[in-house]
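> Mind having a look at this structure? Questions to follow.
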Amino acid sequence: MTPRKKLAVLVYAPALAGKDRRAIDSVHGIEKALPELRLECRLSKGGRPIALPQRDAWLIESIEDGGFPMVCNGDPSHPVTVWGRERDGLFSAGGQAQFEVHAKLPLDEPVITSAAAVLEGVAEGAGALWGRATPYDAAVDIASQTAPTLEGPPAPRRGLPALKLFEHIRAPEIPYYLGWLNYWSAAAAQAIGFPDPTRDAELLSRSRRTATGGWVVQLTSEPLDLDNPAHLDALLRAYERFPEIGGRAAP
């Protein structure tokens, strides 16, 4: 059988403060973008879905160590999962701890159609500084841009630029890397110089402004496929346009 393709969503926000409602709001953001979806199950240790009749209350009470446990839709034929964790300040930009929200969804037509709304919902619910939604296969290649090798620095695939480790980036609002769909808060957009009406006309044609003044910016019309030369070129051009991303700009 052909493995099911997935859309991987990841956003980075300021660390949670105790029983912070941003945990719930990030889950609500996905459900709002996909109205037929309900993330009202948790998984047993054996991987069996268990219904959560009071999901929001359970989730708030389950916040621990700056994150929240996985919730899912309980449908093994169309699995959607969301969970949150704290990223220690030792391994984060500017030395500041961050709240990460991770989601995985099937890369099918309904999700592709709603992907920008999904990313926006998760990001704005979490109060994120930046984030991305990328097909899992492309996300693996993009991860090689920061992964050190046994020989030392990263050795990115496909001619992608090497990026600094997260903890070496000067400020948390600077995105660590790019994806197919990119969420940039107002602070992140300002930090990387987006938008420039002249230089960013093509990107702006595939962008949407969010309620909080951020942006969702789509690099390619179809889900990013780095085996497609046009998609790879679009990603490389975006890195060239925004040298701040990944800490590559000269100090």
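The values are calculated or read from the model by the stated rules, or taken from the named source; none is laboratory data. Not measured: the values here are computed from a predicted model. Virtual Cβ from ideal backbone geometry, glycine too; neighbours counted across all protein chains shown. To get the accessible areas, we keep the full protein, side chains included, count just its heavy atoms, and leave off ligands, DNA and RNA. Shrake-Rupley method; radii C 1.70, N 1.55, O 1.52, S 1.80 Å.
> Can you tell me how many residues within the stretch 1-49 are without any contact (Cβ under 8 Å) to a residue 12 or more places away in the chain and farther than 30 Å from ILE142 by Cα?
Residues that pass the stated criteria total 7.
> Next question. Given the conditions (1) of a type in the set (Ser, Thr, Tyr); (2) touching a Pro at 6+ places or on another chain (Cβ under 9 Å); (3) closer than 29 Å to ASP88 by Cα, which single one is not true for SER185?
Only one criterion is unmet by SER185, namely (2).
> A further question follows. List pairs: first in the stretch 80-105 and over 22 Å from TRP58 (Cα atoms), second assigned to a strand (DSSP E or B) and aliphatic (A, V, I, L, M), Cβ under 8 Å, 6+ apart or cross-chain?
Filtered contacts from the stretch 80-105: GLN98/ALA13; LEU105/LEU7; LEU105/VAL9.
Residue by residue, here is whether (1) at pLDDT 95 or above; (2) within 14 Å of the chain's Cα centre (by Cα); (3) surrounded by 15 or more Cβ atoms within 10 Å (Cβ to Cβ); (4) of a type in the set (A, V, I, L, M) holds:
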site: THR146; (1), (2), (3), (4): no, no, yes, no
site: THR149; (1), (2), (3), (4): no, no, no, no
site: HIS168; (1), (2), (3), (4): no, no, no, no
site: TYR183; (1), (2), (3), (4): yes, yes, yes, no
site: ALA191; (1), (2), (3), (4): yes, no, yes, yes
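> Okay, next question. Name the pairs: first residue in the stretch 197-223 and within 20 Å of VAL11 (Cα to Cα), second residue open to solvent by less than 30 Å² (accessible area, probe 1.4 Å) and of a type in the set (Val, Ile, Thr), Cβ to Cβ under 6 Å, at least 6 apart or on different chains?
From the stretch 197-223, the pairs are SER207/VAL217; ARG208/VAL216.
> Give me a count of the residues in the stretch 49-77 that are over 25 Å from SER114 (Cα atoms), open to solvent by 20 Å² or more (accessible area, probe 1.4 Å) and of a type in the set (A, V, I, L, M, F, W, C).
Final tally of qualifying residues: 5.
> Can you tell me which residue is most open to solvent (accessible area, probe 1.4 Å) among those in the stretch 1-48 that are assigned to a loop (DSSP other than H, G, I, E, B) and among the acidic types (Asp, Glu)? So that I can check it myself, show each step before the final result.
Narrowing the stretch 1-48 to residues assigned to a loop (DSSP other than H, G, I, E, B): 1-5, 15-21, 34-40, 44-48.
From what is left, the residues that are among the acidic types (Asp, Glu) are 20, 36, 40.
Working: ASP20: 26, GLU36: 184, GLU40: 80 Å².
By that ranking, first place goes to GLU36.
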